1. Give the whole-number value, in cubic angstrom per residue, of the convex hull volume spanned by the C-alpha atoms of segment 220-267.
2. With each run of n ≥ 4 DSSP H residues scored as -39500 (n - 2.57), what mean residue ellipticity at 222 nm is computed for the chain after dividing by its residue count and rounding to the nearest 500 deg cm²/dmol?
3. When only C-alpha pairs under 8 Å and at least 6 residues apart count, what is the relative contact order of segment 244-387, in percent?
4. With labels modelled as points extended 7 Å from the Cα through the Cβ direction, what inter-label distance (nm, one decimal) is found for ASN313 paired with ILE263?
5. With both bridge residues required to lie in the chain, what share of the DSSP beta bridges run antiparallel, to the nearest 5%?
6. What aspartates and glutamates does LYS241 reach when the alpha-carbon gap must be under 14 Å and sequence neighbours fewer than 8 apart in one chain are set aside?
7. Which whole-angstrom value gives the distance between the alpha carbon centres of segment 8-63 and segment 351-388?
8. Before I look further, what does segment 398-479 give for accessible area per residue, probe 1.4 Å, in whole square angstrom?
Amino acid sequence: MKFTKKDFLWGGATAANQFEGEFNKDGKSLNVAEMVPYVKLQDRASMPLDISAFSKKNLEKSIENKEGLHYPKRIGSNHYNRYKEDIDLLAEAKMDIYRMSISWGRIYPNGDESKPNEKGLEFYRNLLNYCKQKGLKVMVTLHHFDTPYPIGVKYGGWMNKEVINMFVKYAKTLFTEFGNIVDFWLPFNEINVSCFAPMMSATFPEDYPGVSYDQLRFQTLHNQLIAQAKVVQLGHEMLKKKNIGCMIANMTTYPLDCNPVNIIEWQKSEQVSRYFFFDMVAKGEYPTYIIKLFEKLNVKLDTNPEEMNILKNNTVDFLSFSYYMTGTVAKKEEGKTGGNLMAMGKNPFLKANEWGWQIDPQGLRYTLNDLWNRYHLPIFISENGIGHDEKLNDKKTVDDDYRIDYMHQHFIAINDALEDGVDVFGYTMWGVIDLVSAGTSEMSKRYGLVYVDYDDYHNGTGDRFKKKSFNWFKNFKETFEL
Ligand code: P53
């Protein structure tokens, strides 16, 4: 049996801060991601988000770099100089769509300029035109973990409402310049990430003494949600199609067992760490369970009725999310329950990769059904994939059968969801050409169908080599057996 949906969009995804390199060329400013050094991990099976590493004081050490550390996201995969070769590869793999991000700091390096940086626009104009020339549709993310650092320094990041206006101005420039060649827009990548790591979008706790961390992270998220809704409003005025979606880091969980106390715990966890974000962008208002959580955490949002109207009236046209793994939830010790974002227990039925990310294709079918039932909006899977530490073999390729299996199983799950009646219309595989990891800054956490010859310190040529999975992907639409 062949894949159900003929016009389903298959493709690959990348992000500027992990892929482009040339971090200070042609007027671009720095962002936080480019100020995080590579640190060799003792134990890969953890998600090392060390909040202290993101203090302004520590980040600023990277500017002088007296310790001679390596900052991988400054070089990425050198896509800035090799974009034609990369787009050729995507076209050769018979992809329909490319999801990429535009770096805000290339367009408005300080955020507050009155005119955009022409050099930055030129780079993206060439890149987007080349995609079109090669027959690729394009989905563009406006913010992928890369608020310009100067906005953090001068304006205190996203706690400041002025930053919302700067972001809308940036969006207006992109809609004016590229509105007729971009097929889909995502204002924010994983908008919920700002809720557990506001520093990643240049909002630093140390700038807000006396403000609780909960207040800081939920206000940051709120201001980004307002910015997103305003961009949706603007897009609907300026663009011909209704083509603006959300992008949410989706961590589906299951109750550890059928013990009712675990079911209650799981239900709460699903609300706070998943439904909250989809509810905000699809229904446009704060759900009651979050209003209760805010009371408990003593979070008092700085907002007004006008903002709430903007949220309500400018919900997204489609949902998109990243899907890598699932986890389990059980009631924890007394005093440690509830409100725990990204609570991820082990599932004895699932295998994990070297980083402990539990592989769960059926969970994708479940998630698609769950979101479709709840929101009835078209769905696009904007990230999915598997990270592996890989080396080129003698034949200058990688025999990544595990990745072929991973894709195959997940594609079957998508087909099953379509058969279930879910309106899912596309898929972009994460890190389709190897790039630097967001979470660990490793080059060796590779996701691609194409190998990039750099190690964690960027020794190597940066040359591109097709993995076995590249050829599988190229042919799967003809040969795929479900
Ligand atoms: P890396 C954590 C959990 C799930 C998704 O992640 C995440 C993160 C952040 O690390 O982010 C998305 O590279 C993100 C991409 C990122 C990708 O997942 O840490 O949108 O930028 O590269 C994979 O393995």
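The values are calculated or read from the model by the stated rules, or taken from the named source; none is laboratory data. Because the structure is predicted, anything quoted here is derived from the model rather than measured. Cβ placement follows ideal geometry from the backbone for every residue including glycine, while neighbour counts extend to all protein chains displayed. Side chains are part of the model used for accessible areas, which takes the heavy atoms of the whole protein and leaves out ligands, DNA and RNA. Shrake-Rupley method; radii C 1.70, N 1.55, O 1.52, S 1.80 Å.
1. Details: hull volume 5.3 nm³, N = 48.
Measuring per residue, one finds 110 Å³ for the Cα hull of segment 220-267.
2. Details: 16 runs with 185 residues, N = 482.
Using -39500 (n - 2.57) per qualifying helix, the result is -12000 deg cm²/dmol.
3. On the way: 210 pairs, mean separation 48.3, N = 144.
Answer for segment 244-387 is 34 percent.
4. That separation, rounded to one decimal, is 4.2 nm.
5. On the way: 7 of 40 bridges.
Just about 20 percent of them are antiparallel.
6. Cα-Cα hits under 14 Å: ASP183, ASP317.
7. After rounding, the separation between the Cα centres reads 24 Å.
8. On the way: 2500 Å² over 82 residues.
Per residue, segment 398-479 has an accessible area of 30 Å².
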